[in-house]
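Undergrad: Pasting in a structure now, in structure tokens, and then I'll have a few things to ask.
The values are calculated or read from the model by the stated rules, or taken from the named source; none is laboratory data. Being a predicted model, the structure only gives us computed values, none of them experimental. Cβ sites come from the backbone with ideal geometry, for glycine too, and all protein chains shown count toward neighbours. The area values use the complete protein model at the heavy-atom level, side chains included, leaving out ligands, DNA and RNA. Shrake-Rupley method; radii C 1.70, N 1.55, O 1.52, S 1.80 Å.
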Amino acid sequence: VAVLHAVGQRHVRSTGGILVSVESATRPCPVCGGVMHVQKTLRRHGVTLEHGPFVARETTRVCAAGCRKDGALVTERAEVLTSRLPPKGTVGYDVIVFVGLARFVEHRQREEIRAALAQRGIDLSAGEISVLCRRFLAYLEALHETRSPELRAVLEQDGGWPLHVDATGEDGRGTLLVVLAGWRRWVLGAWKVPTERAEVILPRLRGVVSRFGAPCAIMRDLGRAVTEACEDLVAELEHDIPILACHLHFLKDVGGDLLGDAHDQLRALLRRFKLKSALRAIARDLGRALGTGIAQARRGVIDWQARSDQGHVLPDGRAGLASVRAIAQWVLDYHADGNDQGVPFELPYLDLHDRCRAACRAADAFLRRPPADVRVRKALARLRRILHPVESQVPFEKVARTLRARAAIFAELRDALRLRPKPTGRNATGSPLLTLEQATAELRDVEAAVAALTTALVERRPERGPAQDERQAIDIVLAHLKRHGARLFGHAIELPASVGGGIRLVERTNNCLEGLFDDMKRGER
């Protein structure tokens, strides 16, 4: 009964099948002031959220004297219809907005949008939903360009705007170039570009500047194309606009050159000896051996861990097998030592190497006083054989020692720049939320720390002798500092007197754009 009642209510409110006459009020010709005659009357189908599906009989008028405006006859159509339906279209503007918001803001699929519209009495195909999505973007872009004077006035009231520019891309989907006003977090321009080249990027930057005015600063990554485009733009504008390099991209660039090769070598070694697959195999075999008694074995492991008087002795029985299995699983859980930021901000295969070494030492200690249970003793010996290659001086320890020494130099640079993982209640650099005075002081401290580190690295650099790798590592860091050091600082922007003066800081990273890209891709997934 409730369903029938709801269907009946929709039928009562629906305008489907109803013929509506629409006609504008009679007004004189806007050109000559003469009479407007009826040109034609036609039927037009339409559908809106406001009214549902309907058929309108529209009367169109033209100037009796044949006046023309912009090369066409002066025509007058019913405003009540033109304000709701696009030219030569049947789907109303409110439906287009509903579809666009559902698709690009709520990230809903086409069938979900169709179902939501069907509940409102509007039946559209999946193909029509896709067409409306593209039309929504076209209208939004046109609206954005039309309202650029108002947006520009707001940005000028802020004392200017820092231009953040970055690009993202995925295989087979091209490159998305985005320009963002940093202080307002407004996307001022976004384009699908065929390739990330300076001659492609520069015209887009010119278009943004022509609509919204010259920026007070530019924050960019370290890519050659973006760098050249930004420098050419500033040269054309002939303004003293600071071009800043993103600290996070700088660290990634240094870390990739400093740690990438050694980390790849360690990963190749671990894969060559098939350590992870062997550890998974022993964990799987021991799990099958425990069978349905795994819960009891787990309690036995917990009781054994709680004891403090047993020394390095494994328990017998199921608890011993579960203990060996737990050691293998602990090694496989090496990602827990990382921070989910990827190389170079974490070194997962160095973490795996270190856990293998720790488990190897534990197995040696337990084998000195081998358990009485033969099955436990065999499982422990098998685990020890799997981990044995990691103890080798060549090749494992040599690569790990090199990687660890380089990671220490990278940590010094990271400490100087004060970029750390972002916990709750902190800003994009990982520092606590600061006042303007504190942030300005921190910038000065960071600049002084980078200068001090540069001096220290020059003094520590060995000129000759066996420390070849240390010399190469220091040279990599110094080369990056020499190339990009002039663009790492200058974030304090003086505001014009028309907005009250003072200073305002530009962010040290492009994280505002990186976060936008992450949110967009997460929504699509």
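Undergrad: Going by the conditions given, is Val458 more than 30 Å from the chain's Cα centre (by Cα) and in a helix (DSSP H, G or I)?
TA: Answer is yes for this residue.
Undergrad: Let me ask something else. Can you spot a residue in region 174-183 that is out of contact with any helix residue (DSSP H, G or I) (no Cβ under 8 Å at 6 or more places or on another chain) and either open to solvent by 80 Å² or more (accessible area, probe 1.4 Å) or of a type in the set (Phe, Trp, Tyr) (or both)?
TA: Looking for residues that are out of contact with any helix residue (DSSP H, G or I) (no Cβ under 8 Å at 6 or more places or on another chain) and either open to solvent by 80 Å² or more (accessible area, probe 1.4 Å) or of a type in the set (Phe, Trp, Tyr) (or both), one finds at least one in region 174-183, hence yes.
Undergrad: Ala428 fails exactly one of the following numbered conditions: (1) at pLDDT below 90; (2) under 27 Å from Leu279 (Cβ atoms); (3) open to solvent by less than 40 Å² (accessible area, probe 1.4 Å); (4) not β-branched (Val, Ile, Thr). What is the number of that condition?
TA: That leaves (2) as the condition not met.
Undergrad: Name the pairs: first residue in region 63-89 and open to solvent by 40 Å² or more (accessible area, probe 1.4 Å), second residue among the hydroxyl-bearing types (Ser, Thr, Tyr) and assigned to a strand (DSSP E or B), Cβ to Cβ under 6 Å, at least 6 apart or on different chains?
TA: Arg77/Thr60; Arg84/Thr48
Undergrad: Another one. What are the residue pairs meeting all of these: first residue in region 39-59, first residue touching a residue at least 40 places away in the same chain (Cβ under 8 Å), second residue part of a strand (DSSP E or B) and among the aliphatic types (A, V, I, L, M), Cβ atoms under 6 Å, and 6 or more apart or on different chains?
TA: Arg44/Ala56; His45/Val55; Val47/Val91; Pro53/Val47
Undergrad: For region 446-466, which positions are open to solvent by less than 50 Å² (accessible area, probe 1.4 Å) and among the hydrophobic types (A, V, I, L, M, F, W, C)?
TA: Residues satisfying the conditions are Val446, Ala449, Val450, Leu453, Ala456, Leu457.
Undergrad: Out of (1) surrounded by 14 or more Cβ atoms within 10 Å (Cβ to Cβ); (2) small (Gly, Ala, Ser); (3) in contact with a helix residue (DSSP H, G or I) (Cβ under 8 Å, 6 or more places away or on another chain), what's the single condition that is false for Gly160?
TA: Here Gly160 clears every test but (3).
Undergrad: Can you tell me which residue is nearest to the chain's Cα centre (by Cα) among those in region 244-282 that are farther than 25 Å from Arg404 by Cα and open to solvent by less than 10 Å² (accessible area, probe 1.4 Å)?
TA: If we take residues in region 244-282 being farther than 25 Å from Arg404 by Cα and open to solvent by less than 10 Å² (accessible area, probe 1.4 Å), then Cys246 is nearest to the chain's Cα centre (by Cα).
Undergrad: Let me ask something else about it. Of the conditions (1) more than 20 Å from the chain's Cα centre (by Cα); (2) under 28 Å from Phe345 (Cα atoms), Gly159 satisfies every one except a single condition; which number is it?
TA: (2)
Undergrad: Given the conditions (1) touching a Lys or Arg at 6+ places or on another chain (Cβ under 7 Å); (2) within 30 Å of Val209 (Cα to Cα); (3) of a type in the set (Lys, Arg), and given that Arg43 satisfies all but one, which numbered condition is not satisfied?
TA: (2)
Undergrad: Which one of Ala372, Ala362 is out of contact with any Asp or Glu (no Cβ under 9 Å at 6 or more places or on another chain) and either modelled with pLDDT under 95 or closer than 30 Å to Glu507 by Cβ (or both)? Steps first, please.
TA: Values: Ala372 fails: out of contact with any Asp or Glu (no Cβ under 9 Å at 6 or more places or on another chain).
Among Ala372, Ala362, only Ala362 is out of contact with any Asp or Glu (no Cβ under 9 Å at 6 or more places or on another chain) and either modelled with pLDDT under 95 or closer than 30 Å to Glu507 by Cβ (or both).
Undergrad: Scanning region 224-243 for residues that are of a type in the set (A, V, I, L, M) and open to solvent by 40 Å² or more (accessible area, probe 1.4 Å), which turns out modelled with the highest pLDDT?
TA: Ala235
Undergrad: Next up: Anything in region 142-155 that is surrounded by 13 or more Cβ atoms within 10 Å (Cβ to Cβ) and free of Cβ contacts under 8 Å to residues at least 40 places away in the same chain? List them, or say none.
TA: His144, Val154
Undergrad: Still on this model: Those residues that are open to solvent by 30 Å² or more (accessible area, probe 1.4 Å), of a type in the set (D, E, K, R), at pLDDT 90 or above and assigned to a loop (DSSP other than H, G, I, E, B), I need them from region 467-525; list them, please.
TA: Glu507, the sole residue that qualifies.
Undergrad: Another one. Please state which of the following conditions Val343 fails to meet, knowing it meets all the rest: (1) more than 13 Å from Leu266 (Cβ to Cβ); (2) assigned to a loop (DSSP other than H, G, I, E, B); (3) in contact (Cβ under 8 Å) with a residue 12 or more places away in the chain.
TA: (1)
Undergrad: Do you know which residues across region 106-141 are free of Cβ contacts under 8 Å to residues at least 12 places away in the same chain and either within 22 Å of Arg84 (Cβ to Cβ) or touching a Gly at 6+ places or on another chain (Cβ under 8 Å) (or both)? Break it down stepwise before answering.
TA: Here is the first cut: in region 106-141, the ones free of Cβ contacts under 8 Å to residues at least 12 places away in the same chain are 106, 108-109, 112, 115, 118-119, 123, 125, 127, 131, 134, 138, 141.
Of everything in region 106-141, those that are free of Cβ contacts under 8 Å to residues at least 12 places away in the same chain and either within 22 Å of Arg84 (Cβ to Cβ) or touching a Gly at 6+ places or on another chain (Cβ under 8 Å) (or both) turn out to be Ala118, Gln119, Asp123, Ser125, Val131, Arg134, Ala138, Glu141.
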